[in-house]
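The values are calculated or read from the model by the stated rules, or taken from the named source; none is laboratory data. As the structure is a prediction and not an experimental result, all values here were calculated from the model. Here Cβ is always computed from backbone atoms with ideal geometry, including for glycine, and neighbour counts include all displayed protein chains.
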Amino acid sequence: MTEPAPRPATLPDAQTVTQVRHWTDRLFSFRVTRPQSLRFRSGEFVMIGLPGENGRPIMRAYSIASPSWDEELEFYSIKVQDGPLTSKLQHIQPGDQIILRPKPVGTLVHDALLPGKRLWFFATGTGIAPFASLIREPQTYEDYDQVILTHTCRQVAELEYGRQLVESLKDDPLIGEMVGDKLRYYPTTTREQSAKMGRVTDLLRSGEIFTDLGIAPITPETDRAMVCGSLGLNTDLKEILEGFGLREGANSEPKEYVVEKAFVG
Ligand code: A2P
C-alpha cells in the first residue's frame with residue numbers, strides 16, 4: 001500500500017490575511033497580501049475563496065475595495081450564515097490563507113466612461129466596495145471636477161465602513177490633497193432613522209438629491225455614473241439614468257454610465 005501524497009504546504013494562488021474588521025453581525029472587511037505580479041484597474045473584481053470540503057475551492061467574485069496603488073488588497077463582504085463561502089470566510093484571522101485568482105476584470109472602470117465633469121458612484125449595501133477603491137484612485141480626481149458617492153443601506157451601522165473611509169481621505173498623505181472638497185458623500189438609510197432617509201432611486205426621481213446637494217440635475221453633457229448594488233437597484237437606476245439621457249458603456253465602448261451587480265453571498 002502506498003502512503004497518500006503529502007498535502008501541499010500552501011494553496012495554489014494563496015494569499016495571507018493581514019487584517020480583519022467586523023462592522024456589524026452581517027458585514028466585515030479584510031486585507032490580504034497582494035501578489036507581486038497583480039496589476040488591476042481601480043473598480044475591478046477578482047475571484048477569491050477557500051478550499052471546500054471535497055478539495056474543490058469555493059470561489060466567488062469580490063470587488064477589490066483598495067485602490068490600484070495599495071500594496072495590499074482589501075475586500076468588503078457580507079456574512080451569510082448558511083452561505084457556502086461567507087459562512088467560513090467570516091471566521092478568517094490574520095495569518096490565515098485565502099485563495100485569490102489574479103485575473104482582475106470588471107466594468108466599473110474609468111476606461112468605460114467618456115470624459116465628463118461630474119462622476120456619480122451609486123451604491124447599496126456591499127456595492128460600495130468598488131467605489132471604496134475608486135474614491136482612493138488619483139485618476140478619479142484628475143478626470144472630474146466633482147465626485148458624488150451615494151450609499152443606501154437598511155441601517156445606520158451598515159454605512160459605517162464607507163463613512164469612516166470617506167472621513168479618512170482628507171488626512172490621507174497620498175491623495176488627501178487631490179480629494180480636497182471634490183468628493184461629496186450622500187448616505188441614506190431605508191429601515192432605520194437617520195439624517196437622510198429613502199432609496200436613492202426615489203430621491204433621484206423626486207429631484208430631492210439635487211436640492212440636498214445644491215447642484216443641477218444630471219445631464220449627459222456633464223454627468224457620468226457608476227452603479228453597484230442589488231439587481232433591483234441596478235435595473236431601476238439604469239432606467240433613471242437613461243431617463244436623464246445617459247447611455248450604458250463598456251470597456252470596448254465607453255459611454256456615460258456603467259453597472260455591475262454587487263457580490264451578494
Ligand atoms: P429597502 O430597505 O427599501 O429595500 P439589501 O440589504 O436588500 O441589499 O438592500 C440594501 C439597500 O438597498 C436597502 O436600503 C434597500 O432599501 C436598498 N434597495 C434595495 N432595492 C432597491 C432598489 N430597487 N432601488 C433602490 N434601493 C434599493
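Could you say whether any residue in the stretch 56-65 is crowded, with 19+ Cβ neighbours inside 10 Å, over 16 Å from the mean Cα position of the chain (by Cα), free of Cβ contacts under 8 Å to residues at least 40 places away in the same chain and part of a loop (DSSP other than H, G, I, E, B)? No, the conditions are met nowhere in the stretch 56-65. Out of curiosity, is Ala262 in contact with a helix residue (DSSP H, G or I) (Cβ under 7 Å, 6 or more places away or on another chain) and at pLDDT 95 or above? So Ala262 does not fit the description; no. Considering only residues that are part of a loop (DSSP other than H, G, I, E, B), among the polar types (S, T, N, Q) and within 27 Å of Ile135 (Cβ to Cβ), which ones fall in the stretch 83-98? Selection gives Gln90 alone. Kindly evaluate Val258 against the criterion of being within 16 Å of the ligand (Cβ to nearest atom), in contact (Cβ under 8 Å) with a residue 60 or more places away in the chain and in a strand (DSSP E or B). Spelling it out, it is not the case that Val258 is within 16 Å of the ligand (Cβ to nearest atom), in contact (Cβ under 8 Å) with a residue 60 or more places away in the chain and in a strand (DSSP E or B).
Filtering Ile148, Ile128 for residues that are assigned by TED's automatic domain parsing to the domain that holds Thr222, in contact (Cβ under 8 Å) with a residue 40 or more places away in the chain, in a strand (DSSP E or B) and in contact with a strand residue (DSSP E or B) (Cβ under 6 Å, 6 or more places away or on another chain) leaves a single hit, Ile148. For the stretch 214-255, the set of residues classified as among the small types (Gly, Ala, Ser), near the ligand (Cβ under 10 Å from one of its atoms) and surrounded by fewer than 19 Cβ atoms within 10 Å (Cβ to Cβ) consists of Ser230, Gly232, listed by residue number.
Residues that are under 22 Å from Gly106 (Cβ atoms), touching a residue at least 12 places away in the same chain (Cβ under 8 Å) and hydroxyl-bearing (Ser, Thr, Tyr) within the stretch 195-251 comprise just one, Ser230. With respect to the conditions (1) crowded, with 24+ Cβ neighbours inside 10 Å; (2) more than 19 Å from Asp70 (Cα to Cα); (3) not small (Gly, Ala, Ser), Lys117 falls short on a single one, namely (1). Do you know which of the residues in the stretch 166-197 that are closer than 13 Å to Thr150 by Cβ and part of a loop (DSSP other than H, G, I, E, B) is farthest from the ligand (Cβ to nearest atom)? Residue satisfying both the conditions and the ranking: Lys196.
If you go through the stretch 198-213 and pick out every residue that is more than 9 Å from the ligand (Cβ to nearest atom), hydroxyl-bearing (Ser, Thr, Tyr) and within 17 Å of Gly243 (Cα to Cα), you end up with 1. Out of Arg136, Arg101, one residue alone is more than 14 Å from the ligand (Cβ to nearest atom), surrounded by 14 or more Cβ atoms within 10 Å (Cβ to Cβ) and not in a strand (DSSP E or B). It is Arg136.
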